[in-house]
Amino acid sequence: MTIETLQYVYTAYKCGSYKEAAFALSVTYSVVAKQVSRAEEELGVRIFERASKSKEMKLTPAGENLMGEIGTILESYRRIQNSIQAFGHGGQKKLYISYGYYMTCEEEIEIMLRFTHQYPHITLSQKRGSSGERRKQMALHSIDGMFTAFMGENWHTELEYEFPDAEYDRILVSNVCQMHFLMSGGNPLVRYPALSRAQRKEILKQTFLIMNMADGEVRKVPPFLAEYLGIGSDQMKVRFIDSSNLPLLPDILASGSYLLPLARRCTRPPEQVTAVPVTDWTTQVRLYFISRKLDTSQALKAFRKCVQEYAGQNRTQVTVQTAVQPWRSGWRCGN
């Protein structure tokens, strides 16, 4: 039985379904199912009582006894890999970095470009997901690190709850992020170099695109948006976009009177989409890079170094003039 097969079994157990495991491992549902079946055939026992695309699986008594051993084997294998890399011999020179469902913004793009330039021998792969999905991926070791933003008054409590300092390495990338509204280049609001409450009536004529939810989560308007506009969320025109529609987002934005609120700097929107900054936004946004303290791989150490270098060079406020310049070289969401 291979390490790969054990990883599929353990991920299915941690995620509770083949569907979630497939997402965490970036494979199809059938691949996970086949690997689990292969493990059960080789072991001669059933590991799961029930498995389906949507319902949570339950371990058999044999599976309960096996799972602790499988977890120990996988952890030992990771330590071996890290030791090999530390001596500069062989080892897997790959790094998996994740960010949210929103479009990648200036900070992530700049850091990843610097990293690939400085360390061309390390393959950098990008994964996207909701906050909950990415936390699960981190726990499963299917990603090495993630960018995540915190905003509002309770940001520090949320940071400590989700990523306690004792377990995670937390690097503050930026605390000078600025809210933007992304819109079609033909939207009448693009005539303003920046937006504020002075344009409130015109802003409320638009339909807001909200896409900060994953499958199964309650659809709701972010409180900070309704508070800024001074209205209840039920008074706003909203279209919710789930993760399955993410590839269509640039086309949706470019073809209608939509606004996508983005609580980050976005100087490189897709073609036909413009990012207009909001000048009187008072909610501070803090972007962090999160990784596990116990993960000592050379590839991750190198990426952390790039993050720290970037953070040290970007402590000053970005000017509105710089932030509003659209980028028109064909960059697409997810590149």
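The values are calculated or read from the model by the stated rules, or taken from the named source; none is laboratory data. Source: prediction; values computed, not measured. Cβ atoms come from the backbone with ideal geometry, glycine included; neighbour counts cover every protein chain shown. What goes into the accessible areas is simple: the full protein's heavy atoms, side chains included, and nothing from ligands, DNA or RNA. Shrake-Rupley method; radii C 1.70, N 1.55, O 1.52, S 1.80 Å.
Taking GLU167, is it closer than 30 Å to GLY68 by Cα and among the acidic types (Asp, Glu)?
yes
Under the condition of being free of Cβ contacts under 8 Å to residues at least 40 places away in the same chain and either in contact with a Cys (Cβ under 7 Å, 6 or more places away or on another chain) or open to solvent by less than 50 Å² (accessible area, probe 1.4 Å) (or both), which residue from the range 21-30 is nearest to MET67 (Cα to Cα)? Explain how you work it out, then say what you get.
So the first thing to find is which residues in the range 21-30 are free of Cβ contacts under 8 Å to residues at least 40 places away in the same chain, and the list is 21-22, 27-30.
Add one more test, that the residue is either in contact with a Cys (Cβ under 7 Å, 6 or more places away or on another chain) or open to solvent by less than 50 Å² (accessible area, probe 1.4 Å) (or both), and what stays is 21-22, 27.
Values: ALA21: 15, ALA22: 19, VAL27: 22 Å.
Top of the filtered list is ALA21.
Kindly evaluate GLU202 against the criterion of being more than 14 Å from ILE290 (Cβ to Cβ) and open to solvent by 60 Å² or more (accessible area, probe 1.4 Å). It would help to see each step written out before you state the result.
On the way: more than 14 Å from ILE290 (Cβ to Cβ): yes; open to solvent by 60 Å² or more (accessible area, probe 1.4 Å): no.
Judged against the criteria, GLU202 is not a match.
Residues in the range 126-142: is at least one in a strand (DSSP E or B), open to solvent by less than 80 Å² (accessible area, probe 1.4 Å) and modelled with pLDDT of 85 or more?
If we filter the range 126-142 for residues that are in a strand (DSSP E or B), which is where we start, we get 126-128.
Restricting the remaining residues to those that are open to solvent by less than 80 Å² (accessible area, probe 1.4 Å) gives 126-128.
Checking the rest, the ones that are also modelled with pLDDT of 85 or more come to none.
Checked against the condition, which is being in a strand (DSSP E or B), open to solvent by less than 80 Å² (accessible area, probe 1.4 Å) and modelled with pLDDT of 85 or more, the range 126-142 yields no hits at all.
Please tell me if MET146 is in contact with a Lys or Arg (Cβ under 9 Å, 6 or more places away or on another chain), open to solvent by less than 30 Å² (accessible area, probe 1.4 Å) and more than 19 Å from SER257 (Cβ to Cβ).
yes
Inspect the range 173-194 for any residue being within 17 Å of VAL285 (Cβ to Cβ), in contact with a helix residue (DSSP H, G or I) (Cβ under 9 Å, 6 or more places away or on another chain) and open to solvent by 30 Å² or more (accessible area, probe 1.4 Å) and give the result as yes or no.
So far as the range 173-194 goes, no, none of its residues is within 17 Å of VAL285 (Cβ to Cβ), in contact with a helix residue (DSSP H, G or I) (Cβ under 9 Å, 6 or more places away or on another chain) and open to solvent by 30 Å² or more (accessible area, probe 1.4 Å).
Failed condition for ASN154, given (1) more than 14 Å from the chain's Cα centre (by Cα); (2) of a type in the set (S, T, N, Q); (3) surrounded by 14 or more Cβ atoms within 10 Å (Cβ to Cβ); (4) under 26 Å from ILE241 (Cβ atoms), with all others met?
Result: ASN154 passes all but (3).
Any residue at all in the range 276-289 that is open to solvent by 10 Å² or more (accessible area, probe 1.4 Å), within 25 Å of ASP169 (Cα to Cα) and at pLDDT 85 or above?
yes
Taking the range 193-213, which residues are in contact (Cβ under 8 Å) with a residue 24 or more places away in the chain and in a helix (DSSP H, G or I)?
Selection gives ARG197, ARG200, ILE203.
Note down all Cβ pairs under 9 Å where the first residue falls in the range 232-249 and is modelled with pLDDT of 70 or more, the second is assigned to a strand (DSSP E or B) and aromatic (Phe, Trp, Tyr), and they're at least six residues apart or on different chains.
MET236/PHE208; LYS237/PHE208; VAL238/PHE208; ARG239/PHE208; ARG239/TYR258
Are any of the residues in the range 312-326 in a strand (DSSP E or B), within 29 Å of GLU158 (Cα to Cα), open to solvent by 30 Å² or more (accessible area, probe 1.4 Å) and at pLDDT 75 or above?
Within the range 312-326, not a single residue is in a strand (DSSP E or B), within 29 Å of GLU158 (Cα to Cα), open to solvent by 30 Å² or more (accessible area, probe 1.4 Å) and at pLDDT 75 or above.
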